[in-house]
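S.K.: What follows is a structure written as structure tokens; I'll ask about it next.
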Amino acid sequence: VKIGISEAFYEVDTKHGMTVTYIHEYHKVDVPFEHITVGSEVMLNALTTCATAQSCAACATLETTFNCSWCPNVQQCSDGTSRWKQNWITGKCNEPDNSVTQATECPNESEAALPPKTDKGAF
């Protein structure tokens, strides 16, 4: 028995007349079965992810454990494994020089584009 949650991205590819579906699982959380007993509660605290950043400057300065970068081609912040992975691939964001990791490299943005910080460092 598996108990947990996960997110996944799936990709459908057709080669040589055959359709293949790939499932890319990420952000997986497993709760070991031995920790589940009668009356147990499991509390999950969401991490700040790259997808929360709405601008290049916000992405480049986001305080998170993920390796975020901004892709000007698709106007999205990602670590390349989010639910927007297809956009990331289509926009060639994973290719060299197609993504930004430093706020000083952001095109047409200033400090005004940065969101206000909360006490937890996220916006």
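The values are calculated or read from the model by the stated rules, or taken from the named source; none is laboratory data. Just so we're clear, the structure is a prediction, and the values are computed from it rather than from any experiment. Quick reminder, even Gly has a Cβ in these numbers, built from the backbone with ideal geometry, and neighbours come from all protein chains shown. Surface accessibility is based on the protein's heavy atoms, side chains included, excluding ligands, DNA and RNA. Shrake-Rupley method; radii C 1.70, N 1.55, O 1.52, S 1.80 Å.
S.K.: Please state the Cα pair-distance histogram of the stretch 13-81 with 5 angstrom bins from zero: what percent is in each bin?
M.R.: 3, 13, 16, 12, 12, 12, 13, 10, 6, 2, 0
S.K.: Taking all protein chains together and a probe of 1.4 Å, list Phe33, Phe66, Phe9 from the most accessible to the least accessible.
M.R.: The ranking, largest first, comes out as Phe33, Phe66, Phe9.
S.K.: Additional query: Compare the peptides 67-75, 91-99 by average per-residue count of other Cβ atoms within 10 angstrom and give them in order, highest first.
M.R.: For the peptides 67-75, 91-99, the packing ranking is 67-75, 91-99.
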